[in-house]
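Working notes for the structure below.
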Amino acid sequence: MDGNVLEMKKINKNFGGIQALDNVNFALGEGEIHALIGENGAGKSTLVKILTGVHQMDSGEIVLDGESTIIQNPIDARRKGIAAIYQEMSLIDSLSVAENIFLGNEPTSKFVSWVDRKWMFREAKKELAAFNIEIDPRMKVSELGLGKKKIVEIAKALTIGAKLLLLDEPTTGMSSAEIDTFFEIIKELRSKRITMIYISHHLEEVFKICDRVSVLRDGRNEGTHQVANVDLKTLVQSMIGKDLDGIARQRTTVPTDEVILSVKGFKAENMNEPISFELRKNEILGITGIIGAGKSELGLGLFGYSKKLSGEIHFMGQEISVDSPNSAFRNSFAFVPEDRKSQGLFLSLPVEHNLTVSNIKKVLVGPFLSARSRRKLALDTAKRMKIVPLNMQMAAQNLSGGNQQKTVIGKWLSGSPGILILDEPTRGIDVGAKEEIFNLIQGLADKGVGVLLLSSEFKEVSTVCDRAIVLIKGSVRAELRREDVSTERLLTLALGGET
Amino acid sequence: MNKDLTAKTSSPNSLMKSIKKLLKSEIGLLIVLVALIVVFSILSPYFLGSRNLLNITRQFSVTLIVAIGMTFVILSGEIDLSVGSIAALVGVATAIVINATGIILVGILAGLGIGLLVGLINGIITVFGKIQSFIVTLAMLGIARGVALVWTGGRPVSRLPEGFGTLGAGYLGPIPVSTLVAAGVFVLAYMVLNKTKHGTYFQSIGANREAAKLSAISVSKYRIMAFAASGVMSGLGGVLIASRLLSGQPTAAQGMELNVIAAVILGGASLSGGVGTVVGTLLGTAVIGVIDNGMNLMGVSSFFQQIVKGVIILLAVLARRSD
């Protein structure tokens, strides 16, 4: 590490009253891999987006190669040698590796825009050889594994002169062999003086590959450490802070001993390992882990959305077969999916439709719908869910995020589910709506509904849940009773640390 | 409420918005229909005669029946290009079975059964083969027509009993029988889509298939049912055509799919799914039927008619654009 290639000084950014970044100082030495860690919402992506010109800072200074600069937009960032490699790939599957690398930057002859393909394949080959990796530049990207795709994406950034790479959760979905190869390549890049910001929830990766690590919490830089001189405990503590551990919410009932749901050796498509657990009457069971730990996959499997591969589900003492969401529903399961817009709602249709679609049988008179009882069912549910405004004919897309989420939950509560599975139910909604949803969940559990809360918000799990299971890469890492559940412990376990 | 409305329409900008909103609703289409009727009755003295008006309903009854089947498909976010070929195949099959058994009802039921079967095949391949319905039904457009041609050697199947002609050409009092059949189909489809849970399900699937599945709807079953409905309705259309001509023509109903899709889209349905009503489809079919008939009465050449129809469809859809 010679001088700093980048210095961000006293960066402030405010989004509608929320201080996303609060006087953040951040520096990068040339040729280092610098980890950026923090919980969801800590400000990592805001910082990255300022650096790539997606957002403009409110105040502060960016010094690039010793010169104060302003990054106007993503194109400007690229021109200044800053490239972001996001989780979602920007490659075009149906084109060859070489075509992707030179996309938008094709070598053409002078007079006619013929693409000089020979030259392109030759240059792409050189470019890839520099990483010591054998990828045929003529191969279609769709034929490559995830690890190699990531490398092609990096190669693409480097051909247009990137000196500073932002890697956002680069190993998501990669196998451990792919990760090893990937690490070899980024070490190679480091030796060629490429500087990298490494954003990851996987702290073991940070310890393995990074030189320094900065922790963001609530928009502040909580400190930058040499990786060699820091341990997991220190990092976890600075991620969650000292005074912020959640206060467990009061419950009016205690979970009984009566097991209502028993899952034995259950494995569905996209799950890594079979999982077993029990859920008791009146209980809220948290299933937590970092993003990608396999919570949603479990939820989708239990609800019959993805195909069951092995194991048994027992509900109220009887084995049930769940081979579709419809059969799960008939067994009184309900599922609130992670992405309310694409999986939960009919955005273009009225709130009434959204609230009654799954329980429409309740408003049938013989074979016919009763418009009146349908309206009443929607209105009663909306009132219970405190959906604002109480306009049942409004399209769901016009509701705020929190009210949309209440509508998705209301879709099930217009009936009477026995098991309610919620996947990230408070993501992206305001504090007030969060409170209301927690109250609702607890109210349901008090009435005897078994609640399964899938969440990567550790604080949420520690305040709401009676018991928590921590997943790592699809298998159970630990199970904690209520008195043992704390944000710090959950986070430490989820990040692969010891208890 | 009323006060609110007048306040909103006071400025020219919001007046435009109100007009646009009106055009988007079925009432807008009704206004277009009435305007067309007024224009044609001024231009042609014969147009408004009750005989001619009933004649129009007879002419468009086949299109309406097939378009109602198509409404189920488009509402679910799919398309069926094979309707014309199914109609021809069913017409041929009905004629052959009637000739073979001598019983009209058996022939009709066999024909409708074949329509149902082809529709089911369309649906099953689309759903379980995970292929776009555009492609599946494009292939079926060729296959069904080809089967009809091969089966008959390309020749019409005629010498059908006179009684069979009642369905397509007969009258009950002043009203054409085929109009009554179409009216029956309309009422049935209206009930299914608006008064039963099935309509809610079709619409949900078209609006967001993923969410529909996660709302515990049997998405595969309903998608297949939409194609089955379209198959049966195309078959019924084919039976009516065969009945009117008193022969099963393997070349009947060529290009029908385009007219039918145009009627459904004109009726306000969206090709991306989730939007569409049978009332809209009825009005869409009527608009096209009135234009056809009116221009025929005025002696407009059929070449020119096609241009006019195309322009009207474009204008109607432009006026209803959602942004």
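Just so you know, all these numbers are worked out from the coordinates, no wet-lab data involved. Model, not experiment: these values are computed from the prediction. Please note: Cβ atoms are built from the backbone with ideal geometry, for glycine as well, and neighbour counts cover all protein chains shown.
Determine the equivalent ellipsoid of chain A by diagonalising the alpha-carbon gyration tensor, then write out the semi-axes as square roots of 5 times the eigenvalues, largest first, rounded to whole Å.
The answer is 44, 27, 24 Å, longest axis first.
The ranking of A:SER324, A:SER400, A:SER68, B:SER234 by Cβ neighbour count inside 10 Å, starting from the fewest, reads A:SER68, A:SER400, A:SER324, B:SER234.
Counting only other chain Cβ atoms within 10 Å of each residue's Cβ, the peptide A:342-352 averages 5.
Straight Cα distances below 21 angstrom link B:LYS195 to the lysines A:LYS361, A:LYS362, A:LYS376, A:LYS411, B:LYS221, with same-chain residues fewer than 8 positions distant left out. Exposure proxy ranking for A:ARG427, A:ARG138, based on other Cβ atoms within 10 angstrom of each Cβ and starting from the fewest, stands as A:ARG138, A:ARG427. Since only B:ILE42, B:ASN122, B:ALA226 are under comparison, the one whose Cα sits farthest along the positive direction of the charge dipole of the protein assembly as shown, derived from C-beta charges on Lys, Arg, Asp and Glu, is B:ILE42. Placing R0 at 60 angstrom, the Cβ-Cβ distance between A:LYS362 and A:ASP76 gives a FRET efficiency of 0.60 after rounding to 0.05. Sorting the segments A:161-174, A:187-200 by their residues' average number of neighbouring beta-carbon atoms within 10 angstrom, most packed first, yields A:161-174, A:187-200. Taking 0.36 nm per residue of separation and subtracting the current Cα-Cα distance, fully stretching the chain between A:LEU95 and A:ASN4 would add 29.0 nm. Once you sort the root eigenvalues of the Cα gyration tensor of chain B as a ≥ b ≥ c, which label holds: rounded (a/c under 1.5), prolate (a/b larger than b/c) or oblate (the other case)? Oblate, because a/c is 1.5 or more while a/b does not exceed b/c.
Estimated from helical segments only, the mean residue ellipticity of chain A at 222 nm is -9000 deg cm²/dmol, where each DSSP H run of four or more residues counts as -39500 (n - 2.57). Residue order for B:MET298, A:MET392, fewest other beta carbons within 10 angstrom first, comes to B:MET298, A:MET392. Inter-part distance, the range A:169-227 to the range B:256-323, computed on C-alpha centroids, equals 59 Å. Kirkwood hydrodynamic radius of the range B:167-323, from the reciprocal of the average inverse Cα-Cα distance over all distinct pairs: 17.6 Å.
Inter-chain neighbour count for B:212-224: the average number of beta-carbon atoms from partner chains within 10 Å of each residue's beta-carbon is 6. In the range B:130-253, the alpha-carbon atoms span a convex hull of 125 Å³ per residue. Going 7 Å from the Cα of A:ILE291 toward and past its Cβ, which residues in the range A:45-82 have a backbone nitrogen under 15 Å from where you end up? The answer is A:45-49. Across peptide B:266-276, the mean count of Cβ atoms from other chains lying within 10 Å of each residue's own Cβ comes to 1. Counting Cα-Cα pairs of the range A:144-239 in 10 Å increments starting at 0 gives whole-percent bin shares of 14, 46, 31, 9.
For the range B:63-175, the share of alpha carbon pairs falling in successive 5 Å distance bins from zero is 2, 11, 19, 21, 18, 13, 9, 5, 1, 0 percent. At R0 = 41 Å, how high is the FRET efficiency between B:GLU162 and B:ASN296 if r is their beta carbon distance? Nearest 0.05 is fine. Result of the calculation: an efficiency of 0.90. Taking a ≥ b ≥ c as the square roots of the eigenvalues of the Cα gyration tensor, the range A:259-494 is classed as prolate, since a/c reaches at least 1.5 and a/b is larger than b/c. Measuring between alpha carbons in the structure, the pairs from A:LYS49/A:LYS125; A:LYS341/B:LYS213; A:LYS295/B:LYS197; B:LYS17/B:LYS197 lying more than 23 angstrom apart are A:LYS49/A:LYS125; A:LYS295/B:LYS197; B:LYS17/B:LYS197.
At q = 0.23 Å⁻¹, what log₁₀ I(q)/I(0) does the range A:417-499 have when each alpha carbon counts as one equal point scatterer in the Debye sum? Normalising to I(0) and taking log10 leaves -1.18.
May I ask for the Kirkwood hydrodynamic radius of the range A:4-240, worked out over all distinct Cα pairs and given in angstroms to one decimal?
The answer is 18.7 Å.
In the range A:4-240, a dipole from Cβ-located charges (positive for Lys and Arg, negative for Asp and Glu) runs towards its positive end, and of A:GLY41, A:THR234, A:GLY31 it is A:GLY31 whose Cα lies farthest in that direction. The modelled label-to-label distance between A:GLN87 and A:ASN398, using points 7 Å beyond Cα along the C-beta direction, is 3.3 nm.
Take the Cα of B:ARG155, step 7 Å toward its Cβ, do the same at A:VAL254, and the gap between the two points is 9.1 nm.
Shown is the FRET efficiency for A:LYS126 and A:ASP231, computed with R0 = 56 Å from the Cβ-Cβ distance and rounded to the nearest 0.05: 0.85. Most simply put, the protein assembly as shown has about 60% antiparallel DSSP beta bridges, counting only bridges with both residues inside it.
Shown for chain B are the DSSP H helices of 20 Å or more along their axis, judged by Cα atoms, with a mean Kyte-Doolittle hydropathy of at least 1.0: B:26-43, B:50-75, B:83-101, B:104-128, B:133-152, B:177-195, B:219-245, B:278-297, B:302-320.
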